[in-house]
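Visitor: This structure is in structure tokens; I'll ask about it shortly.
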């Protein structure tokens, strides 16, 4: 979990699975959410996120539901919409994939996905 430095808000990232098949046919979906101190999604908050994958995996896509966003799905940054965004991770081989989410004013969030 990462905590807002400027206000009492949080940013959370969670993957749909912690282990995926080490095949280009498999994907892991990382849900990113901005929330207040009580865990309520902050739909009024917007932040520009940067997502990076290291190890045997790549960022296959990154987006939010923002209909006005011009960020490409294949980019490494995107704005949140209604406090949410989604990153898609594709394995490139077996091993540990580290996914890091950053946003100005927030501490980093790191998630580990195993490709087996």
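Visitor: Report relative contact order for the chain in percent, whole number only (criteria: Cα-Cα under 8 Å, sequence separation at least 6).
Guide: Details: 324 pairs, mean separation 38.8, N = 116.
In percent, rounded to a whole number, it is 33.
Visitor: Evaluate the distance, in nm, between pseudo-label points positioned 7 Å from the Cα of residue 21 and of residue 98 along their respective Cα→Cβ axes.
Guide: Between residue 21 and residue 98, the label points sit 2.8 nm apart.
Visitor: Sorted from fewest to most neighbouring beta carbons within 10 Å, what does the list 43, 116, 58, 101 look like?
Guide: 116, 43, 58, 101
Visitor: I would also like to ask the following. For segment 24-116, what is the convex hull (Cα atoms) projected area averaged across all directions, in square nanometres? Display every interim value, and only then the final one.
Guide: Numbers: hull surface 24.6 nm².
For segment 24-116, averaging the hull's shadow over all directions gives 6.1 nm².
Visitor: With a 10 Å Cβ neighbour count serving as the proxy for reagent exposure, in which order, fewest first, do 66, 25 appear? Can you show the working numbers first?
Guide: Details: 66 16, 25 8.
By the 10 Å Cβ count, ascending, the order reads 25, 66.
Visitor: Something else about it: Could you list 51, 109 so that the one with the fewest beta carbons within 10 Å of its beta carbon is first and the one with the most is last?
Guide: Ascending number of Cβ neighbours within 10 Å: 109, 51.
Visitor: GNM, the chain, Cα, under 10 Å: largest mean-square fluctuation among 103, 44, 53?
Guide: Looking only at 103, 44, 53, the largest GNM fluctuation is found for 44.
Bear in mind these aren't lab numbers, they're just calculated from the coordinates by the rules spelled out. What you see is a predicted model, and the numbers here were worked out from it, not measured in a lab. All Cβ positions, even for glycine, are placed from backbone atoms using ideal geometry, and neighbour counts span all protein chains on display.
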